[in-house]
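The values are calculated or read from the model by the stated rules, or taken from the named source; none is laboratory data. None of the values given here were measured: they were computed from a predicted structure. Heads up, the Cβs are rebuilt from the backbone with ideal geometry, glycines too, and the neighbour counts pull from every protein chain shown.
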Amino acid sequence: MFFQLIASGVAIGATYALMALAMVIIYKTSEVLNFAQGDMAMLSAFIAFMLLTSQGLGFATAFALALAFAFFLGAFLEFAFLRRAKEPTVLGLIIITLGLEMVIYGLASWKWGGDQKDFPFPVSDFETYNLGGGVVMSQLNLVTLAVALALMLMLFLFFSYTKVGVAMKATQQNESAARLMGIRVNRVLMLTWGISSVVGAAAAFLIAPTDTLDPNLMWTPQLKGFSAAVLGGMTSLPGAVGGGFLLGVIENLFGGYVSVEFKSVVAFAVIVLVLCFKPSGLFAKHYVRKV
Amino acid sequence: MLEVKNIETLYGLVMALRGVSLKLEEGKITAILGANGAGKSTIIKTIMGMIEDQPDKGTILLDDKTIAHKDTEWIVRQGLAYVPEGRQVFDELTVQENLMMGAYTRRGPTVRQDLTRVYGLFPRLSERARQLAGTLSGGEQQMLAMGRALMMRPRIMFLDEPSLGLSPLLVREIFATIARINQEDGTTILLVEQNAAMALGVCHHGYVMENGRFVLAGTPAELLADEDVREFYLGIKSEVSVKGFQRYKRKKRWR
């Protein structure tokens, strides 16, 4: 029972980790909490749904196109709304993302309606594998885990070894110095939003088949992702990943041993506890500036 | 080369530059001396397009084409590199990543060559290539900031107070490197300094700045001979009373 809870916790945690990563990528560059994150992902999931059902495309093409859509959606929102803010403050930008969240939610409800739809997915949630030791994982869980890990690895490689990835980190650390290197900071910000949106969309594709597709799809995962990000210290990508997995496991253990009804409250308890006792997050290995 | 004509820069309502004209000679080191708040750094920041909507008046010409009111990113690509005051290295990138960011706008095998060259100029950096820049000492960060600018292969390099907060020995080392860069690469250098003695030691031409204006210009020899410069910038007192203490304070004559 214990190992089973941990295993399914890890599988759930993988989606939280992706949402947390998506939020952290934007937060790190601009200190903006993107409240539209979940609904941007939800919209991308609806696009995938539309391509799969009414356009009748195959899974690979549909998902690839929907991810491309997610990238352009993120880049577009940054370009069209956040960049237009005159003398932007962090608070002002956060309010803009809240507005975007409502607009996207409204758009999705208007286009596809509020009723719950089945999201077609190539792997099943009911086909299970016995991993030994009494641990059973569904095919979907395993795929979720694999996709999430692959995405994380790609992000890690991108930020460590590509010129653009390192330039993004440089921009995060010192924007004016980045400009002095000839880095086009505006483009970097746009790219940040695009990448973050893709990561969020991937999470949405993995979450939708476990649930039903409707405009509220990403509401809970976004909050879970946010708590995972706080747990990881908000500014660290590995922290967000660790926070996501940890939150998934804690939540599942709590659900298994203490109370199923209060399972979803755990995430918020985690936020409060972390902010009270270790506001820099559990995994923050932040370089302390010399004064 | 770079020519600045009568620029005026405002910070809100405060006028920081009150009509500054300056001409950089190709392959030479020019120094601007002056006290805190004289507007030395503002000149460079205005040229680099780092102050929004400035200069308010005047023109900045690079090869007879205006570069005023352009984006910093664009100006950098024209071959102007700025080593900012207070180093401004990327704290959480390694030394090598910092240097590679300097070469962000370039590609090709020459980048590798320049990396070796920078490590040759600053051997201390090559020892610490994998270390995070934020953990370096002040002097090492200054070297890193200079190396990072060199990685752009700039035509003109602006150095803002490279001696700030460094030990006298290290200051001498940094200035020797500045002279070497100028000689070996033929890079045109504009140096902004409070340490007048060091700056006049390496430059070919100097300006003295006060309250947003140039008050004096000349070769280092001329400036060193000037009584005001001697007293107010080099700290060599010229008038001492018979009793051995200073009876009055000299007034500057250039105003």
**Q.** Scan of region B:76-96 for residues that are surrounded by fewer than 22 Cβ atoms within 10 Å (Cβ to Cβ), within 7 Å of another protein chain (Cβ to nearest Cβ) and assigned to a helix (DSSP H, G or I), ordered by number
**A.** B:Arg77
Q. Checking A:Leu237 against (1) more than 30 Å from B:Gly79 (Cβ to Cβ); (2) more than 14 Å from every other protein chain (Cβ to nearest Cβ), which test does it fail?
A. (2)
Q. Got a sec? Which of B:Ala149, B:Ala129 is crowded, with 22+ Cβ neighbours inside 10 Å and in contact (Cβ under 8 Å) with a residue 24 or more places away in the chain?
A. B:Ala149
Q: Within region A:43-55, identify whether any single residue is touching a Pro at 6+ places or on another chain (Cβ under 7 Å), in a helix (DSSP H, G or I), at pLDDT below 90 and aromatic (Phe, Trp, Tyr), and answer yes or no.
A: no
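Quick test for you: out of A:Thr97, A:Thr61, pick the one residue that is surrounded by fewer than 20 Cβ atoms within 10 Å (Cβ to Cβ) and of a type in the set (Val, Ile, Thr).
Working: A:Thr97 fails: surrounded by fewer than 20 Cβ atoms within 10 Å (Cβ to Cβ).
Of A:Thr97, A:Thr61, the one residue that is surrounded by fewer than 20 Cβ atoms within 10 Å (Cβ to Cβ) and of a type in the set (Val, Ile, Thr) is A:Thr61.
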Q) Can you name the helices (runs of 4 or more DSSP H) wholly within region B:133-210 that have at least 3 residues being of a type in the set (Val, Ile, Thr) and more than 20 Å from A:Ala177 (Cα to Cα)? A) B:168-185
Q. Can you find even one residue in region B:102-113 that is under 18 Å from B:Gly138 (Cα atoms) and part of a helix (DSSP H, G or I)?
A. no
Q. On the given criteria, is B:Gly86 modelled with pLDDT under 85 and either within 23 Å of the chain's Cα centre (by Cα) or closer than 30 Å to B:Thr42 by Cβ (or both)?
A. yes
Q) For B:Leu125, all conditions in the list (1) of a type in the set (A, V, I, L, M, F, W, C); (2) more than 14 Å from chain A (Cβ to nearest Cβ); (3) over 24 Å from the mean Cα position of the chain (by Cα) hold save one; what is the number of the exception? A) (3)
Q | Residue list for region A:103-115, filter: loosely packed, with under 13 Cβ neighbours inside 10 Å and modelled with pLDDT of 85 or more | A | A:Gly106, A:Trp110, A:Lys111
Q: Go through (1) closer than 30 Å to A:Val166 by Cβ; (2) assigned to a helix (DSSP H, G or I) and name the single condition A:Phe3 misses.
A: (1)
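Any chance region A:158-165 includes a residue that's closer than 19 Å to A:Leu18 by Cα and either of a type in the set (Phe, Trp, Tyr) or in contact (Cβ under 8 Å) with a residue 24 or more places away in the chain (or both)?
Within region A:158-165, one or more residues are closer than 19 Å to A:Leu18 by Cα and either of a type in the set (Phe, Trp, Tyr) or in contact (Cβ under 8 Å) with a residue 24 or more places away in the chain (or both).
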Q.
Within region B:113-120, does at least one residue satisfy the condition of being away from every other protein chain (no Cβ under 14 Å), surrounded by fewer than 22 Cβ atoms within 10 Å (Cβ to Cβ) and among the aromatic types (Phe, Trp, Tyr)?
A. yes
